[in-house]
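This report concerns only the one structure given below.
The values are calculated or read from the model by the stated rules, or taken from the named source; none is laboratory data. Please read these numbers as outputs of a predicted model, since none were measured by experiment. Heads up, the Cβs are rebuilt from the backbone with ideal geometry, glycines too, and the neighbour counts pull from every protein chain shown. The accessibility values were calculated without ligands, DNA or RNA, using every heavy atom of the protein model including side chains. Shrake-Rupley method; radii C 1.70, N 1.55, O 1.52, S 1.80 Å.
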Amino acid sequence: MARPSLKGGLFALGVGMSVRQEIAELVYAAAKAAQSAGEIPPAVLPEPSVERPARPEHGDYASSLPLRLSRAARANPIAIAEAISKRMPRHAALGEVSVAPPGFVNIRLADAWLADQVNAIIAAGADYASSDLGRGRRVQIEFVSANPTGPLHVGNGRWASIGDSLARVLAAAGYGVEREYLVNDAGTQALIFADTVLARYRQLFGHEAEIPANGYPGEYVIDLAREIKDEHGDRFLDATETPAELKRISIEKMIARIRADMTAIGVNYDVWFYESSLYEESDTYKVAMDRLRQKGAVVEKEGAVWLASSALGEDKDNVLIRSNGAPTYFASDVAYHYDKLIKRGFDQVIDIWGADHQGHVSRVKTAVQALGVEDGRLEIIIGQLVSLRRGDELGRFSKRAGNLVTLREIVDDIGADACRFFFLQRSADAQMEFDVDLAKQQSSENPVYYVQYAHARIAGILTQAAERGISFEQADLNLLRHEAELTLVRKMLLLPELVESIAENHEPHHLPHYALDLATTFHDFYEKCRVLNDEEPALRAARLRLAAAAKVVLARSLQLMGMTAPERM
RNA sequence: GUCCCUGUAGCUCAGUGGAAAGAGCGGCCGCCUUCUAAGCGGCGGGUCGGGGGUUCGAAUCCCUCCAGGGACGCCA
């Protein structure tokens, strides 16, 4: 990345940089200048970076560069810090720059500059916190992809919330994003499911039929069979084997339900990719397997075809093609990733899988590597599973056990917004406990409402201002000098940094925490600073603009989480 | 047995190299003649699983042990 340069002592503004980046570059430039002037001994400088001090007294940003440099430069960190602080380039955003032991440079943003950001935020509107970090690179995010053999359960809601928010953030950061759902319609489970549907279908006609040993005992299969009976009559009744058409119809109906469940929590996929298309509508599967053979990554033994993964650093080989000639799920996944990374050529592919697929990660990565895909283009996020708590009962509710809690059930009870917020709040790495009873309560202490309420409160103020004909197109923002006002601006300026970091580390769970923090700051401002104060019209206008900006940032935060921003509550 | 994730306040969890560890919930005490009390303020609460190491500095990195979850199929 090209660094901004010093021009006549005035620092050139970096285009599209976050405040944080700019400050880091300023400190770096100051250190360079101090070195050139011989005030700091020559030593290789660490990459530009600044920290966010935990305590407000330490300023808005802090650099520990002097501490990092002191050993290599053989100099006192305080002396280095002082040299840097004296050499800091001028910049409108810079306020007080101070030195603190054991060797920090603490930087405060200038009040006037801060207040001025209110205009910038309002001007950016719904695009606030957008950037061109991704420069249009194409990223595909595949998530949920639950087998179309049953309804989505609560855990699937977690991957949906994480995947969709990540997609929203990446889009904000300038990536070309596609959301994809892989429909597993080609494997053994799909067959068993279709067999189960056929058995239920026969039973509806009074025929003797048992669902397969490994079949799907859930009630929903009976409903499905009834629908098929109503729509297609008895045309599948005499089949000796489960007809392909019945399987297709059954899976299509399940997918329709899954799609509806996803829509209910605000998730819309760009592509529903059918596993069967790798075999039927294209030769992708064949091409991918041939490619592995060409690369010498395949061995044949015991009548089956294996990926020679043990030669590639894995603990064992894995079967690609069974001895009966049928491809395994693994082979499908290899072909699927060939399709994504080579055929469709996404710059980056992110898969979100549940922890029960964790053992699958390294072999897929190994296979993708064997296909010749560059390292780092495939990222697999493993999300730990969701435990459900009901009263004192704690456990995993599975499709088989029949005590399944469906995603739809929770969404209907507590609402899509609350679901998404709760699912998003925990990092994917952490096992999550979902208290069904608590979530179902519409508790007033619910953090979801706390955030949305802040937005609604602002909307109320702006509505009143409009009703009273108060205009605030123009305002002297320098009147914003109250600590609560400037703290609010500071908090709003954090969102672009957050979007940037989530786009890089793919950890959207910081979003709800930020939103909560922002809402707290707004509520504090609301308590301390009356907006519609008729005795001071100039201050009133400035605060109205500040409130309008806060509304923009709250709405954007909610939008990135896939939640609604209510105008009143 | 091997591999992956986790262990932070009573509970659910943030914080992954910086300055005195945070939030929400729960508990206790206060605040509505003023823009929405789904709000605000205050109090109490921690051997950051144990031990060792690296570092100017460790909840954060390394080693080891303990505990919980997950995975080790010609299922997906």
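Please find, within the stretch A:39-60, the residue that is surrounded by the most Cβ atoms within 10 Å (Cβ to Cβ) out of those that are more than 8 Å from RNA strand B (Cβ to nearest atom) and within 22 Å of A:Arg90 (Cβ to Cβ).
Only one residue tops the list, namely A:Ile40.
Taking the criterion of being open to solvent by 30 Å² or more (accessible area, probe 1.4 Å), near RNA strand B (Cβ under 8 Å from one of its atoms) and not in a helix (DSSP H, G or I), would at least one residue in the stretch A:504-511 satisfy it?
Yes, some residue in the stretch A:504-511 is open to solvent by 30 Å² or more (accessible area, probe 1.4 Å), near RNA strand B (Cβ under 8 Å from one of its atoms) and not in a helix (DSSP H, G or I).
With the condition being among the β-branched types (Val, Ile, Thr), I'd like the strands (runs of 3 or more DSSP E) fully within the stretch A:51-122 carrying at least 1 qualifying residues.
It comes to A:94-100, A:104-109.
Suppose the filter is open to solvent by 10 Å² or more (accessible area, probe 1.4 Å) and out of contact with any strand residue (DSSP E or B) (no Cβ under 7 Å at 6 or more places or on another chain); does A:Glu314 pass it?
For A:Glu314, the condition - open to solvent by 10 Å² or more (accessible area, probe 1.4 Å) and out of contact with any strand residue (DSSP E or B) (no Cβ under 7 Å at 6 or more places or on another chain) - is met.
Do you know which of the residues in the stretch A:464-479 that are part of a helix (DSSP H, G or I) and without any contact (Cβ under 8 Å) to a residue 24 or more places away in the chain is nearest to A:His513 (Cα to Cα)?
Among those residues, the one meeting the criterion is A:Ala466.
Please state which one of A:Glu252, A:Glu300, A:Glu281 is free of Cβ contacts under 8 Å to residues at least 12 places away in the same chain and within 16 Å of RNA strand B (Cβ to nearest atom).
A:Glu300
I want to confirm something. Restricting to the stretch A:411-428 and keeping residues that are within 10 Å of RNA strand B (Cβ to nearest atom) and touching a His at 6+ places or on another chain (Cβ under 9 Å), which single residue is most open to solvent (accessible area, probe 1.4 Å)?
A:Arg426
Sort out which residues of the stretch A:449-478 are under 26 Å from A:Val386 (Cα atoms) and more than 8 Å from RNA strand B (Cβ to nearest atom), and write them in order of number.
Passing the criteria: only A:Val451.
A:Leu539 - would you say it is in contact (Cβ under 8 Å) with a residue 60 or more places away in the chain, over 21 Å from A:Ile470 (Cβ atoms) and either outside the structural domain of A:Gly59 (by TED's automatic domain parsing) or over 22 Å from the mean Cα position of the chain (by Cα) (or both)?
No.
A:Leu224 fails exactly one of the following numbered conditions: (1) crowded, with 24+ Cβ neighbours inside 10 Å; (2) in contact with a helix residue (DSSP H, G or I) (Cβ under 8 Å, 6 or more places away or on another chain); (3) modelled with pLDDT of 95 or more. What is the number of that condition?
Unmet condition: (1).
Six or more apart or on different chains, Cβ under 8 Å: which pairs go from a residue in the stretch A:83-111 that's of a type in the set (Phe, Trp, Tyr) to one that's within 13 Å of RNA strand B (Cβ to nearest atom) and open to solvent by less than 20 Å² (accessible area, probe 1.4 Å)? Could you list them?
From residues that are of a type in the set (Phe, Trp, Tyr), the pairs are A:Phe104/A:Ala62; A:Phe104/A:Ser63; A:Phe104/A:Ser64; A:Phe104/A:Pro66; A:Phe104/A:Ala81.
Being more than 18 Å from the chain's Cα centre (by Cα), at pLDDT 95 or above and open to solvent by less than 40 Å² (accessible area, probe 1.4 Å) is the requirement here; does A:Ile107 meet it?
Against the criterion (more than 18 Å from the chain's Cα centre (by Cα), at pLDDT 95 or above and open to solvent by less than 40 Å² (accessible area, probe 1.4 Å)), A:Ile107 qualifies.
Taking the conditions exactly as written (closer than 25 Å to A:Leu479 by Cβ and among the acidic types (Asp, Glu)), does A:Asp132 satisfy them or not?
no
Looking at A:Pro77, A:Pro102 in this structure, which one is within 8 Å of RNA strand B (Cβ to nearest atom) and crowded, with 18+ Cβ neighbours inside 10 Å?
A:Pro77 is the lone residue from the list that is within 8 Å of RNA strand B (Cβ to nearest atom) and crowded, with 18+ Cβ neighbours inside 10 Å.
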